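Enquirer: Below is the structure I would like to discuss, written out as structure tokens.
The values are calculated or read from the model by the stated rules, or taken from the named source; none is laboratory data. Computed from a predicted model, the values in this text were never measured in an experiment. Reconstructed Cβ throughout: ideal geometry from the backbone, glycine too, with neighbour counts over all protein chains shown.
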Number of protein chains: 2
Amino acid sequence: MESMARPIVHDDALRQRLLDVTAQLVDREGPEKVTLRDIAAAGGTSTSAIYSLFGGKSQLLTAVVNYGFRSFHASQEIAGKEGLKATGWAYRKWALEHDALYRLMFGGAMDAYAEGRSAGGPDGGGLADGGQTIDAMAPLIGAVTAAQAEGVIGPYNVMLIATAFWAQVHGLVSLELARGASMPIDWDALYDATLDAGIRAWAPRP
Amino acid sequence: MESMARPIVHDDALRQRLLDVTAQLVDREGPEKVTLRDIAAAGGTSTSAIYSLFGGKSQLLTAVVNYGFRSFHASQEIAGKEGLKATGWAYRKWALEHDALYRLMFGGAMDAYAEGRSAGGPDGGGLADGGQTIDAMAPLIGAVTAAQAEGVIGPYNVMLIATAFWAQVHGLVSLELARGASMPIDWDALYDATLDAGIRAWAPRP
DNA sequence: ATTGTTTCATAACATTGTTCTATAACTGCG
DNA sequence: CGCAGTTATAGAACAATGTTATGAAACAAT
């Protein structure tokens, strides 16, 4: 209250810049390989900024994951209106385009960093958890419900079907990401056939 | 040829002990958290042993992954004879019992270490790759073929069906491992329903 | 015993996440 | 206008960890 002091440089703009830079570096090199010093240099600041804005590497990565979830969710939202298969294809597209980030979000690699929860800033607080996964599933749940209304999907439990679909797609994508290049498989065709099979499996019984 | 020297202590017995110890530690703490010094201490030796026997942390983890694949493969082999659903349940059982190791094998986390291929010792050489995944799928492929013979599964491409099944199960398991506790889902029931749906999807068409 | 050779535990090194500290940048007042 | 007060930040110091280098230990041959 007495007197104001040195003006703030570690502001929201820098925070956003660091998020962008980190997302890029993580996508390029993976979360382990990227160092705080690199991130700081790329953002034109010092490692202190990461500590004052996020709290540490763990929280920075958490914030990046949250950032990723928003992008992924938006992508699913759009595709969700175009039906079940479109949602599946959009899922794969996003995952292949965000390789390392996808693994960080869904691969459980985040657990390696989980321990010190941040106080909960406007955005970065709280560890990425199932809540976000369920959030991200909302468009898929919507698509399943719509398909039921159209009679394409039978009257099974919606959450169960959605999770089954999600797991199917996630499994294919993570298999493709992890071992795709070294497996003699036509992933496009497999993906297509699998989506159809998934729908077939939950079609109304005659 | 001139003269023999100090007797070898870094032998195959120690190698095996280090493999066991590392597998345990990795399963308990994950591959990032476990340190070479801890491993060496737990094995009653020094970090040098890891370098002379494996080449480094990367190759040690690769060897552990290979070790894991053998165990997993054996488990699948047994279950494969009992049918498709049994294979799926055995898959899940093994994965839940080997949490971190499973992620190391199938989660793509190994890529973080991939760079220096070892010369290829009797066992640890070569990075774990798609070959092992396909190997591990063999029992599943057998089960699918058997199910086709019984008329439970239709005349679709076997590899395609097997991969679809594998992805389905892998997706469920990794979702459960990563977010299971924080999602309000009855995983047992979901697993059961999903296995049935998978079989239904590829049933012979009328 | 001495020498030579090989093996291995330990010490030194480089990198990286994190914490500490001293300086920089500003305000308000004399 | 300068000086004290205050806060933010860059950079130094610290701790941990994978890796490499070094020198001592253990044995055979002479």
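Enquirer: Being small (Gly, Ala, Ser) and more than 16 Å from DNA strand D (Cβ to nearest atom) is the requirement here; does A:Gly44 meet it?
Expert: Here the answer is no, as A:Gly44 does not meet what is asked.
Enquirer: Of everything in region A:154-196, what is farther than 18 Å from B:Leu160 by Cα, in contact (Cβ under 8 Å) with a residue 40 or more places away in the chain and of a type in the set (Gly, Ala, Ser)? Give them in sequence order.
Expert: A:Gly154
Enquirer: Give the residues of region A:1-25 that are modelled with pLDDT under 95 and β-branched (Val, Ile, Thr), sorted by residue number.
Expert: A:Ile8, A:Val9
Enquirer: In addition: Tell me which residues, restricted to region A:29-70, are at positive phi and either among the charged types (D, E, K, R) or surrounded by fewer than 19 Cβ atoms within 10 Å (Cβ to Cβ) (or both).
Expert: Result: A:Gly44, A:Gly56.
Enquirer: Consider A:Ala136 carefully, then state whether it is part of a helix (DSSP H, G or I), under 21 Å from B:Trp187 (Cα atoms), more than 7 Å from every other protein chain (Cβ to nearest Cβ) and under 20 Å from the mean Cα position of the chain (by Cα).
Expert: yes
Enquirer: Still on this structure, I have one more. For region B:180-187, state whether one or more residues are out of contact with any Pro (no Cβ under 6 Å at 6 or more places or on another chain), part of a helix (DSSP H, G or I) and acidic (Asp, Glu).
Expert: no
Enquirer: Regarding B:Lys81, is this residue surrounded by 17 or more Cβ atoms within 10 Å (Cβ to Cβ) and among the charged types (D, E, K, R)?
Expert: Considered against the rule, which asks whether it is surrounded by 17 or more Cβ atoms within 10 Å (Cβ to Cβ) and among the charged types (D, E, K, R), B:Lys81 comes out as no.
Enquirer: Sort out which residues of region B:93-104 are buried (at least 19 other Cβ atoms within 10 Å of the Cβ) and at pLDDT 95 or above, and write them in order of number.
Expert: Of everything in region B:93-104, those that are buried (at least 19 other Cβ atoms within 10 Å of the Cβ) and at pLDDT 95 or above turn out to be B:Trp94, B:Ala95.
Enquirer: Say we look at region A:1-37 and pick out the residues that are among the acidic types (Asp, Glu) and away from DNA strand D (no atom under 14 Å from the Cβ); which of these is farthest from A:Leu101 (Cα to Cα)?
Expert: My answer is A:Asp20.
Enquirer: All but one of (1) more than 25 Å from B:Thr163 (Cα to Cα); (2) away from DNA strand C (no atom under 15 Å from the Cβ); (3) in contact with a helix residue (DSSP H, G or I) (Cβ under 7 Å, 6 or more places away or on another chain) hold for B:Gly43; state the number of the condition that does not hold.
Expert: It fails just one condition, (2).
Enquirer: Filter region B:197-206 for residues that are free of Cβ contacts under 8 Å to residues at least 24 places away in the same chain and surrounded by fewer than 17 Cβ atoms within 10 Å (Cβ to Cβ); which is farthest from A:Met159 (Cα to Cα)?
Expert: Ranking the qualifying residues of region B:197-206, first place goes to B:Pro206.
Enquirer: Within 16 Å of DNA strand D (Cβ to nearest atom) and either away from every other protein chain (no Cβ under 14 Å) or among the β-branched types (Val, Ile, Thr) (or both), is that true of A:Tyr51?
Expert: Judged against the criteria, A:Tyr51 is a match.
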